[in-house]
Amino acid sequence: MMFLPYLDDYHVVRWHFEELEDFNSFYYIPFYRYLKFDSKIGFREMFSSVLNKKSNEIGNGRYYPLPENKGKLNAEILDFQPQRNKYYEEIKKICKVNNINLIAIMTPMCEKAVVNDYFKKVNMLYPEIYDYENKIIEDKYFSTFEHMNDMGAKAFTTKILNVFFNK
């Protein structure tokens, strides 16, 4: 639902949500989507839309840098079980139909996160996904266990560009 604010601006977003039962309400009734999904979209995005003002995400090329963790990360066990993802499956189909080379990457987790072979299990479901779980692990690169801060995002992006695009 995070993409609903962009329903009017991007035909791909509109096309994706056209199948929703209440698409017409989302698209034609002003602010309906913001009211229905306020906790997920947020008041700030709705208010920015009213003022026709770009939010931080939009104004920064859709990039919103996360802050440093300031040494607050303690060891944590993250016990997730991977499941098939219908949106990822849909993206794969769209890419195949349109002859697009999809590069799917599992992003890093900080060194204090214990993930109990989660990434190996994901690779059993989706062997085409590149496992970059341990390419950047130092706490200084993370804002939370699973989200890189600005410094981590830049370091990881550099690695990805060098590996896949020789930049």
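The values are calculated or read from the model by the stated rules, or taken from the named source; none is laboratory data. What you are looking at is a predicted structure, and each value in this text was computed from that prediction instead of being measured. Every residue, glycine as well, gets a Cβ built from its backbone with ideal geometry; the counts of neighbours run over all protein chains shown. Only protein heavy atoms, including side chains, enter the accessible area calculation; ligands, DNA and RNA are left aside. Shrake-Rupley method; radii C 1.70, N 1.55, O 1.52, S 1.80 Å.
General remarks:
- A count restricted to the range 91-128 and to residues that are of a type in the set (Asp, Glu) and over 30 Å from Lys72 (Cα atoms) stands at 1.
- Only residues that are outside any helix (DSSP H, G or I) and closer than 25 Å to Thr158 by Cβ were counted across the range 75-125, and they come to 15.
- Matching residues, the range 129-167, being over 15 Å from the mean Cα position of the chain (by Cα), touching a residue at least 12 places away in the same chain (Cβ under 8 Å) and open to solvent by 80 Å² or more (accessible area, probe 1.4 Å): Tyr130, Asn134, Lys135, Glu138, Lys140, Met151, Lys159
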